[in-house]
Amino acid sequence: ISMRNALVIGNWKMNGETAANHTLVASLVESLEVSPVGSVEVGICPPAVYLHSVGLQLEGSVVSLGAQNLSEHNAGAYTGEVSAAMLRDVGCHMVIVGHSERRSLYHEDDEQVAAKTLAALRAGLKPVLCVGETLAQRESGEALDVVARQLCAAVSGLEADEFERLVVAYEPVWAIGTGKTASPEQAQEVHAHIRTVLVRVAGVAGQNVQLLYGGSVNADNAAELFAKPDIDGGLIGGASLKANDFIAICRAAA
Ligand code: PEP
């Protein structure tokens, strides 16, 4: 029997504006208040400029606030960047780290992802560390190795107690925003491998790390993915922008 709560996180990416955000958040908060999802943890990650206002709207609700990215540096001459302490200051509890779009479009490498993971943890944030293989890597049979390499690169420098706040999201690149979901069996295979690696690195603490699946999760496919033993919830992109779909996905995790 697992001690892990289910966790569903919405990644809004670069979408939203003040009025629409307000409507979306109001629907989500109201739905979860009227009909709670029990021990399922729910988070949303708006663009950085909206963190403060969305955070104020989430006050007193069960939904927690997260960011989509952070700087690995503490402060100083890093124009355009946002630090972990700033994210904490505006009410964030978590932050997505190493999303495949950051890795591919902004050239974040394993070393930078590791530094960001550490910066998040040391500031008291939960890093949601994203790992995942490309289609070419899957087709050449490298998926498990790629994911293990990305994972080890990011967690090998962590202290034992830091694993208690780590979240890992398996997001196959070929499934993100494509409408192609990994089958529950494909996802479970990788999640089981991630679990094995985590336990090897962190001992029992590795058993308690929440492992999310991400990649075209929607209201129709969420339940069968979340039913797998090592899939503790989801990181949701497109479907997190539609209140009813995101709420249905949160309910599928209950
Ligand atoms: C994501 O961006 O983390 C993601 C999983 O996107 P989508 O759900 O749209 O595939």
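The table below lists the values:
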read-out: Helix-only CD estimate at 222 nm, as mean residue ellipticity for the chain, using -39500 (n - 2.57) per DSSP H run (n ≥ 4); value: -12000 deg cm²/dmol
read-out: Extension gain from Asn5 to Leu105, taking 0.36 nm per residue of separation minus the Cα-Cα distance; value: 32.8 nm
read-out: Extension gain (nm, one decimal) between Cys152 and Ser35, 0.36 nm per residue minus Cα-Cα; value: 38.2 nm
read-out: Environment charge of Asp161, counting only residues whose C-beta is closer than 14 Å and scoring Lys/Arg +1, Asp/Glu -1; value: 0
read-out: Computed label-point distance, nm, for sites Arg200 and Asn244 using a 7 Å Cα→Cβ extension; value: 4.6
read-out: Alpha-carbon centroids, the range 219-240 and the range 12-46: separation in whole Å; value: 17
read-out: Relative contact order [Cα under 8 Å, 6+ residues apart], the chain, whole percent; value: 22
read-out: GNM flexibility winner over the chain from His52, His193, His107 (Cα, springs under 10 Å); value: His107
read-out: Most mobile of Tyr78, Tyr213, Tyr170 in a GNM of the chain (Cα contacts under 10 Å); value: Tyr78
read-out: Full-stretch length increase - Thr134, Arg122 - with 0.36 nm per residue and alpha-carbon distance subtracted; value: 1.3 nm
read-out: Cut-off 15 Å between beta-carbons: net charge of the residues surrounding Glu33, Lys and Arg +1, Asp and Glu -1; value: -1
read-out: Counted charge near Gln137, where neighbours are those whose Cβ lies closer than 14 Å (Asp, Glu -1; Lys, Arg +1); value: -2
read-out: Most positive-pole-ward Cα, Ser240, Gly80, Val34, against dipole of the chain from beta carbon charges; value: Val34
read-out: R0 of 22 Å, Cβ-Cβ distance Arg88-Glu17: FRET efficiency to nearest 0.05; value: 0.30
read-out: Reachable lysines, given that their alpha-carbon falls under 24 Å from the alpha-carbon of Lys228 and they are not under 8 places away in the same chain; value: Lys126, Lys180
read-out: In the range 146-232, the GluC sites (Glu not before Pro) that fall in loop regions by DSSP, at most 14 other Cβ within 10 Å; value: Glu159
read-out: Rounded to the nearest 20 debye, dipole of the range 137-191 from Cβ charges on Lys, Arg, Asp, Glu; value: 260
read-out: Rounded, prolate or oblate (a/c below 1.5 giving rounded, otherwise prolate when a/b exceeds b/c) for the chain by Cα gyration tensor; value: rounded
read-out: Net dipole in debye of the chain [+1 Lys, Arg Cβ; -1 Asp, Glu Cβ; about Cα centre; nearest 20]; value: 140
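No value in this document is a laboratory result; all are computed from the given coordinates. Owing to the predicted nature of the structure, the values given are computational and were not obtained by experimental measurement. Note: ideal-geometry Cβ built from the backbone for every residue, glycine included; neighbour counts use all protein chains shown.
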